[in-house]
Amino acid sequence: MATEKELLMKRTEKQKNDLIDGLKFAAQFLANLFKFAKKYNLSNERLYNSLKEEDFAEKIIKSITDSVKSFKLKFLKKLGTVSVSSEEFKKSDFFTNNGPVRLWMSDNFKTYILSEISDTIHARDTTLTKLILSQSMTDAEIRAEIGEDNIATPTGWAQEFMSLLQEQSRGEKGTLLNSGYANIRYVKTTNGEVFAVSAYWGADDHGWSLYADELGGGRWDGGGCVFAGS
């Protein structure tokens, strides 16, 4: 049986962890608040005054809280956030044998993802959270930790991953794993079906392979990573 001192130490440790989590949440909340202000070109004074307006306050608070949903991690380990900036490009210029990145695409990827990517992919700045699988996991287990609504559109995936793939076009070390493990992002098509889209650097160093797997097909190996919108 635990002694009174041990119980006190456990309570103190829990209180410390709760405080740290609260500070992290507050810092993220403030970061998103200023990001919102920048997006709508609001000065600090305008932002402060606008928060007094009931309708505007509801709008901004919903926007921030939606983006501040914290991950309830158990078997995923957060490695950090990644800022991604993509330039405008044509789908036909990238997904080709003569494109800037050597690609191999599975039939499922071509049918369900490539077909829905816009012909012109516009420039976009975004932030992704990179998480490592500490053990083998199913899609359901991964999505339970990052949130089932943490998904990209096919074009959104292209805006995020084409930039990352170009930075590692020859399998260089970088944001994406180049060790043969999966780089996963969940993508929802227009008919509402969600796929686990994954990118692998080929073992023969001949390029990147892109897959689109239906959910529930098996377990992802530990050591792979998943990307989630921040």
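A compact table of results
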| item | result |
| --- | --- |
| Boolean, Lys173 is surrounded by fewer than 20 Cβ atoms within 10 Å (Cβ to Cβ) and modelled with pLDDT of 95 or more | no |
| Residue in the range 143-156 that is part of a strand (DSSP E or B) and touching a strand residue (DSSP E or B) at 6+ places or on another chain (Cβ under 8 Å) present | yes |
| Residue within the range 162-179 that is within 27 Å of Lys72 (Cα to Cα) and outside any loop (DSSP other than H, G, I, E, B) present | yes |
| Restricting the range 150-163 to residues that are closer than 16 Å to Asp93 by Cα and not polar (S, T, N, Q), the residue that is surrounded by the fewest Cβ atoms within 10 Å (Cβ to Cβ) | Met162 |
| Breaking point among (1) surrounded by 12 or more Cβ atoms within 10 Å (Cβ to Cβ); (2) at pLDDT 90 or above; (3) closer than 21 Å to Asn150 by Cβ; (4) touching a Ser or Thr at 6+ places or on another chain (Cβ under 9 Å), for Pro100 | (3) |
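The values are calculated or read from the model by the stated rules, or taken from the named source; none is laboratory data. Please read these numbers as outputs of a predicted model, since none were measured by experiment. Heads up, the Cβs are rebuilt from the backbone with ideal geometry, glycines too, and the neighbour counts pull from every protein chain shown.
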